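Trainee: The following block contains the structure, expressed as structure tokens.
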Amino acid sequence: GDAVAPGIALGQAIGRWGNYWNQELYGRPLDTFWALEIDQTHRPRLEDGSLDPRFADVATYHPTFLYESLWCVGVAVLVIWAGKRFSLTHGRSFALYIAGYTLGRFWIEMLRIDDAHEVLGLRLNVWTSLIVFLGAVGYLYWARNKTGPEQVGAVPETEPPSGTVLEKGGAGTDGP
């Protein structure tokens, strides 16, 4: 997980541009130079399929795809930097990626206006981000003293089985 975390973040950064091309998953109305213009056919709709009157005359919105793309690049840089600076091993770089990504996702979800399931007044994705963030931070705290090389898949050295004859190169073979 530690090795792939920056790549996952960069992959997400690239993938978010699909939301731009599809004109989907944008945020609240915004009137500034970086606002995203959304065609009327892709603006929020009511349950019956008609254009939501609150957004009928609004053409520009928060480009949440861009925010998340930039955020993910920042998370990738942070994970690479922190991994080297603090020698993060034992899943801590991956946990840092998870914490960083969900922190940004929490903020970005608060800007969005598309339909989503809500629990206690917040979007389900906000709750999910909060819970996963707390889990990642909890793991970072729990694993804070883990240092040294990891022994992933390593088999501990043991005595050769009885009846094994050691050859000159140190390799064991079962002899007659």
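Trainee: Output the residues belonging to region 37-51 that are in a helix (DSSP H, G or I) and either on the phi > 0 side of the Ramachandran plot or loosely packed, with under 10 Cβ neighbours inside 10 Å (or both).
Mentor: THR41
Trainee: Pairs under 8 Å by beta carbon, first residue farther than 16 Å from ILE113 by Cα and touching a residue at least 24 places away in the same chain (Cβ under 8 Å) in region 123-135, partner part of a helix (DSSP H, G or I) and open to solvent by 60 Å² or more (accessible area, probe 1.4 Å), six or more apart or different chains?
Mentor: Listed pairs, sorted by first residue: SER129/LEU103; SER129/PHE106; LEU130/PHE106; PHE133/LEU103; PHE133/PHE106.
Trainee: Further question: More than 22 Å from GLY1 (Cα to Cα), touching a residue at least 24 places away in the same chain (Cβ under 8 Å), in contact with a helix residue (DSSP H, G or I) (Cβ under 7 Å, 6 or more places away or on another chain) and exposed (fewer than 15 other Cβ atoms within 10 Å of the Cβ): which single residue out of TRP17, TRP34 fits that description?
Mentor: None of the other options fit; the residue is TRP17.
Trainee: Quick one: would you say ARG85 is modelled with pLDDT under 90 and among the basic types (Lys, Arg)?
Mentor: So ARG85 fits the description; yes.
Trainee: Right, another one. I'd like to check something: does region 105-121 contain any residue that is in a strand (DSSP E or B) and among the basic types (Lys, Arg)?
Mentor: yes
Trainee: Can you tell me which condition LEU88 does not meet? The list is (1) open to solvent by 40 Å² or more (accessible area, probe 1.4 Å); (2) of a type in the set (A, V, I, L, M); (3) farther than 25 Å from ASN22 by Cα; (4) part of a loop (DSSP other than H, G, I, E, B), and all the others hold.
Mentor: (1)
Trainee: Condition first: open to solvent by 60 Å² or more (accessible area, probe 1.4 Å) and assigned to a loop (DSSP other than H, G, I, E, B). Now tell me which residues in region 2-14 satisfy that.
Mentor: Those that are open to solvent by 60 Å² or more (accessible area, probe 1.4 Å) and assigned to a loop (DSSP other than H, G, I, E, B): ALA3, VAL4.
Trainee: Filter region 104-131 down to the residues that are open to solvent by 70 Å² or more (accessible area, probe 1.4 Å) and closer than 22 Å to LEU30 by Cα, then identify the one that is nearest to the chain's Cα centre (by Cα).
Mentor: PHE106
Yes or no, residue by residue, for (1) in contact with a strand residue (DSSP E or B) (Cβ under 7 Å, 6 or more places away or on another chain); (2) under 30 Å from ASN145 (Cβ atoms); (3) of a type in the set (D, E, K, R):
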site	(1), (2), (3)
ARG45	yes, no, yes
ALA56	no, no, no
TRP81	no, yes, no
LYS84	no, yes, yes
SER93	no, yes, no
GLY104	no, yes, no
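Trainee: Take region 59-85 and flag every residue that is among the hydrophobic types (A, V, I, L, M, F, W, C), open to solvent by 30 Å² or more (accessible area, probe 1.4 Å) and within 22 Å of ILE38 (Cβ to Cβ).
Mentor: Of everything in region 59-85, those that are among the hydrophobic types (A, V, I, L, M, F, W, C), open to solvent by 30 Å² or more (accessible area, probe 1.4 Å) and within 22 Å of ILE38 (Cβ to Cβ) turn out to be ALA59, LEU66, LEU70, TRP71.
Trainee: Which pairs do you get when a residue that is under 18 Å from TRP21 (Cβ atoms) and in contact (Cβ under 8 Å) with a residue 24 or more places away in the chain, found in region 38-66, comes within reach of a residue that is assigned to a loop (DSSP other than H, G, I, E, B) and open to solvent by 100 Å² or more (accessible area, probe 1.4 Å), reach meaning Cβ atoms under 8 angstrom, with the pair 6+ apart or on two chains?
Mentor: THR60/ASP31; TYR61/ARG28; HIS62/ARG28; PRO63/TRP34; LEU66/TRP34
The values are calculated or read from the model by the stated rules, or taken from the named source; none is laboratory data. Treat the numbers as computed from the prediction; the structure is a model and nothing was measured. Because the Cβ atoms are built from the backbone with ideal geometry, glycine has one as well, and the counts that use them run over all protein chains shown. In case anyone asks, the SASA skips ligands and DNA or RNA and just uses the protein heavy atoms, side chains included. Shrake-Rupley method; radii C 1.70, N 1.55, O 1.52, S 1.80 Å.
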